[in-house]
1. Could you order peptides 95-101, 195-201, 166-172 by the average number of other Cβ atoms within 10 Å of their residues, highest first?
2. Taking the Cβ of Phe138 as the center, what net charge do the other residues with Cβ under 12 Å away carry, scoring Lys and Arg +1 and Asp and Glu -1?
3. What Kirkwood hydrodynamic radius, in Å, does the range 31-116 give when the mean of 1/r is taken over all pairs of distinct Cα atoms and then inverted?
4. For the peptides 103-112, 215-224, 41-50, what is the packing order when you average, over each peptide's residues, the other Cβ atoms within 10 Å and list the highest mean first?
5. Measuring from label point to label point, each 7 Å out along Cα→Cβ, what is the Ser125 to Lys277 span in nm?
6. Can you give the convex hull volume per residue for the Cα atoms of the range 113-214, as a whole number of Å³?
7. At 1.4 Å probe size, with every protein chain present, just tell me what the per residue accessible area of the range 31-116 comes to in Å².
8. What does the charge count around Gly266 come to, taking other residues whose C-beta lies under 12 Å from its C-beta (Lys +1, Arg +1, Asp -1, Glu -1)?
Amino acid sequence: MSGRWALLICFCWMACEKAADIPVPYDGDRIVVNTLMQPDSLLYLRVTRSQPPGGSSFPEIPGAKVTLKAGSTEVPVEWQVIGGKGYFVSGVPVRYGFRYTLEVSAAGLDTVFATDTLPRAPLLSAPFAQAGGSRVRFNMRDLPGGDYYRFRLFQANRDYVPQKRALFRFDPSYNNSFTDLVSDTFLEYTLIDDGRFEGKEITVVMQTQEVNKAGGYLLLEVTGLTRAAWQYLKTLEQQVSNGGNPLVDPTAVYSNVHQGYGIMAGVNSAYLRVEIK
């Protein structure tokens, strides 16, 4: 995956930035950091200041001191404004095999700390989609050891540049490994762990909401997640789905930022190009 793709997907992740309901007494402003690290991409770090419950804007802290390390080696970062938002951007891409640690301090606020690694990339093969049908099939090999995944599917042009997300669900006729995820609802993404197929190679069948058209193109994305990324996305999903329901307790979005709020976690995406025939 080229650098431009890594940058595009990075901003897709950053677009998920939301206010988190954290059910704790407000004890003053804290530093909020948000970054999802991807291999071979620069690290884009948002640093903002928390606000009391009900606050709708989160001021940036461009003067924060940011120390980023890959293992024991310090990685330079630089403040940049991209798309109207400020980011601390690493001087070199994130690399697989390192544990990244982050320390952020700012005047009048507690210093915060976070750490995570990159997960291994999903192993995908044998994509197939037939014109006139509504299924997309592929193989995925899961390696021994706990893994977490996110699935997305995009309608694409002939160069496989995504045009829009394709809604899908796991086909209940074929996915014995996903029986607990079978739903009548078509979704933009699905989060799963490998508890039902750990260490196995499986065939995955997606059922799309729209019929596959001859000559069309799809781009399948399966993203490996660290446990921290998984917990963050699952709790964010639960918060959104429970929003406005007075019968359900508010869901706290997971944070691995000590003495502050937010997330620093690793993701690793694999892609399959699917030509509809």
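The values are calculated or read from the model by the stated rules, or taken from the named source; none is laboratory data. Quick caveat: nothing in here was measured; it's all calculated off a predicted structure. Neighbour counts run over all protein chains shown; Cβ positions are idealised from the backbone, glycine included. Side chains included, ligands, DNA and RNA excluded: accessible areas come from the protein's heavy atoms. Shrake-Rupley method; radii C 1.70, N 1.55, O 1.52, S 1.80 Å.
1. Result, highest mean Cβ count within 10 Å first: 166-172, 95-101, 195-201.
2. With Lys, Arg at +1 and Asp, Glu at -1, the neighbours total +2.
3. Radius from the Kirkwood sum: 13.5 Å.
4. Final packing ranking: 41-50, 215-224, 103-112.
5. The answer from the label model is 1.8 nm.
6. Considering the Cα atoms of the range 113-214, their hull volume per residue is 143 Å³.
7. 48
8. +3
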